[in-house]
Amino acid sequence: METLTTKFKIYCDYAKDLIKLSAPIMAGNLANMLINVGDVVVAGRHSTVTLGAISVATAIFMTFMIAAIGLMASISPVVSNLRGERKTTKTLFRATVKYSLVTGLLFCILIRLLIGQVDKIGLAPDLYPLVVEYLDISSWGMFGGLLFMALKEFLQAYEIVNFPNLVIVAQIFINLFLNIALVFGMWGFPELGVKGLAIASLIVRTVGAIALFLYCLPFLKGRSKRVKSYIKELLKTGWPISFALFFEFLGFNITAVLVGKFSSTLAAAHNIIITITSITYMFPMSVSNAIGIKVGFANGEKNILDVKRYSLAGAYLSVIFMALNAILYICCPEFLLSLFTKDNVVIKAALPVMSIVLYYLFFDGIQCSCVGSLKGLKDTKPIMATMGIAYLLIGIPVGCILAFKFNIVLLGFWIGLALALFSACMISSTILIRKIKKLKKIYRLS
């Protein structure tokens with residue numbers, strides 16, 4: 001029998017493995033966020049119209065990109081499972097590249113078809129041509145963006161995470177330089193405004209993909225006879241992840257639009273809270289990626305003990321991290337808000353929500369770790385269903401009732417989001433526990 005001390009030491013070792021793998025991933029995720037922040041800062045310095053145009057254009061573009069990234073997210077758990085089964089996986093590199101490029105072509109076509117329908121959204125006359133221009137150029141960035149994600153996922157399956165994330169860090173500076181040069185017309189470049197932002201994004205995505213492809217050249221040796229079954233497995237695992245991300249993205253976008261119907265002050269407060277929570281979310285999301293890789297390998301080995309321990313260790317890490325964040329949110333919420341705005345009216349509007357954000361982040365951390373385990377087990381359909389139920393059937397309806405019927409606007413919408421994550425946490429953890437129990441029986445009999 002394992003003593004409590006022995007169990008603690010064991011789970012500490014598993015947690016260390018996850019931290020070691022997730023730390024570079026988290027650095028890459030933060031770097032990705034900084035790239036987007038750079039776009040917003042440069043656009044805002046150029047003009048209000050430029051900022052408004054990219055806000056609309058990137059919202060449209062990212063709706064497609066998020067769905068496409070979901071299809072790429074299946075690569076690391078599928079390859080990890082195959083590695084755990086001691087099957088040759090390096091020969092699947094060519095198929096992975098083709099998979100990303102074909103997906104990129106599909107989504108590029110979808111965006112270009114949508115461009116002709118943008119006029120039906122009813123945008124302001126000064127925004128419409130700029131949004132179309134941005135989408136026209138950015139649509140070609142799907143190829144580089146998805147190839148980069150596919151190669152990053154493929155390398156993550158081998159626990160190679162440092163170089164891809166160094167590339168992302170380099171992209172921050174390249175993107176910032178190109179944004180300033182092309183938007184404002186500096187250092188001999190013409191002033192292109194919104195067009196400059198789109199060109200910069202296209203170049204950064206393409207250069208990043210080329211850099212990662214060159215790094216992966218050793219994987220080009222040999223061809224696999226299991227390409228069809230591999231692609232089939234990627235799609236089977238990936239499309240539910242794609243829809244789950246889409247539901248979550250849609251839930252937040254709808255909430256932002258509904259909050260904006262009440263006042264610009266509440267919209268600004270909502271935006272700041274989203275930014276703060278997004279930064280905090282980087283840790284559990286990175287741990288979730290690491291869990292997916294470790295659980296995937298263990299599942300391939302039919303090692304149910306490692307599946308269970310990595311899942312629990314990941315959940316413990318998320319809970320501890322969120323508890324530490326809770327201290328910050330409780331002790332100095334005004335300080336956190338003041339980092340993003342000096343407007344006391346906005347800070348006053350956001351303060352009551354900070355207590356609800358604590359619950360939101362706590363539940364989000366647990367459900368995120370459960371999602372990582374389910375991805376590793378290639379059981380992703382429940383993730384899609386859970387996110388659909390949580391946001392579309394619980395979170396948004398509850399928020400709307402509190403806001404429109406009881407006039408509890410910002411707090412009401414965040415209560416809805418917290419309930420959505422509570423539901424997702426309960427559902428996903430229940431599904432994971434049942435899945436592990438089921439696998440324990442199957443592995444025992446095999």
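The values are calculated or read from the model by the stated rules, or taken from the named source; none is laboratory data. Model, not experiment: these values are computed from the prediction. All Cβ positions, glycine included, derive from the backbone under ideal geometry; neighbour counts span all protein chains shown.
Out of everything in segment 96-153 that is closer than 30 Å to Lys221 by Cα and small (Gly, Ala, Ser), what residue ends up being surrounded by the most Cβ atoms within 10 Å (Cβ to Cβ)? Out of the qualifying residues, it is Ala150.
One line per residue, one yes/no per condition, for (1) over 30 Å from Met387 (Cα atoms); (2) in contact with a Gly (Cβ under 8 Å, 6 or more places away or on another chain):
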{"position": "Leu147", "(1), (2)": "no, yes"}
{"position": "Gln156", "(1), (2)": "no, no"}
{"position": "Ile174", "(1), (2)": "yes, no"}
{"position": "Leu220", "(1), (2)": "yes, no"}
{"position": "Tyr230", "(1), (2)": "no, no"}
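More than 30 Å from Tyr11 (Cβ to Cβ), of a type outside the set (Ser, Thr, Tyr) and modelled with pLDDT under 90, is that true of Ala244? Considered against the rule, which asks whether it is more than 30 Å from Tyr11 (Cβ to Cβ), of a type outside the set (Ser, Thr, Tyr) and modelled with pLDDT under 90, Ala244 comes out as no.
Note on segment 96-123: residues that are touching a Phe, Trp or Tyr at 6+ places or on another chain (Cβ under 6 Å) and under 21 Å from Gly292 (Cα atoms) total 1.
Scan segment 426-439 and tell me whether some residue there is in contact with a Lys or Arg (Cβ under 9 Å, 6 or more places away or on another chain) and in contact (Cβ under 8 Å) with a residue 12 or more places away in the chain. For segment 426-439, residues in contact with a Lys or Arg (Cβ under 9 Å, 6 or more places away or on another chain) and in contact (Cβ under 8 Å) with a residue 12 or more places away in the chain: present.
Just to verify a result, which residue in segment 327-346, among those that are without any contact (Cβ under 8 Å) to a residue 40 or more places away in the chain and either of a type in the set (D, E, K, R) or surrounded by 16 or more Cβ atoms within 10 Å (Cβ to Cβ) (or both), is nearest to Asp364 (Cα to Cα)?
Here the residue is Tyr329.
Set side by side, the residues Ser100, Ser139, Ser201 differ, and just one is touching a residue at least 12 places away in the same chain (Cβ under 8 Å) and more than 17 Å from Met62 (Cβ to Cβ), which is Ser100.
Residues in segment 111-127 that are within 9 Å of Ala53 (Cα to Cα) and either over 28 Å from the mean Cα position of the chain (by Cα) or at pLDDT 85 or above (or both): Asp126 only.
The condition of being in contact with a helix residue (DSSP H, G or I) (Cβ under 6 Å, 6 or more places away or on another chain), in a helix (DSSP H, G or I) and in the same structural domain as Ala209 (by TED's automatic domain parsing) does not hold for Phe173.
The residue of segment 223-241 that is nearest to Val169 (Cα to Cα), among those that are buried (at least 16 other Cβ atoms within 10 Å of the Cβ) and hydroxyl-bearing (Ser, Thr, Tyr), is Thr237.
Please pick out the residue among Leu182, Leu212, Leu220 that is in the same structural domain as Val132 (by TED's automatic domain parsing) and surrounded by fewer than 18 Cβ atoms within 10 Å (Cβ to Cβ). Exactly one of Leu182, Leu212, Leu220 is in the same structural domain as Val132 (by TED's automatic domain parsing) and surrounded by fewer than 18 Cβ atoms within 10 Å (Cβ to Cβ), namely Leu220. The one condition from (1) within 19 Å of the chain's Cα centre (by Cα); (2) over 30 Å from Lys236 (Cβ atoms) that Ala390 does not meet is (2).
Does Ala68 satisfy being buried (at least 20 other Cβ atoms within 10 Å of the Cβ) and within 18 Å of the chain's Cα centre (by Cα)? Criteria met by Ala68.
Filtering segment 204-243 to residues that are in contact (Cβ under 8 Å) with a residue 60 or more places away in the chain and outside any helix (DSSP H, G or I) leaves Cys216, Lys221, Gly222, Arg223, Ser224, Arg226.
One line per residue, one yes/no per condition, for (1) in a helix (DSSP H, G or I); (2) of a type in the set (Asp, Glu); (3) at positive phi:
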residue	(1), (2), (3)
Val79	yes, no, no
Thr88	no, no, no
Arg94	yes, no, no
Lys98	yes, no, no
Thr103	yes, no, no
Leu106	yes, no, no
Leu114	yes, no, no
Asp119	yes, yes, no
Val132	yes, no, no
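One residue stands out in segment 286-326 among those that are more than 30 Å from Ser80 (Cα to Cα) and of a type in the set (Gly, Ala, Ser): the one that is surrounded by the most Cβ atoms within 10 Å (Cβ to Cβ), namely Ala326.
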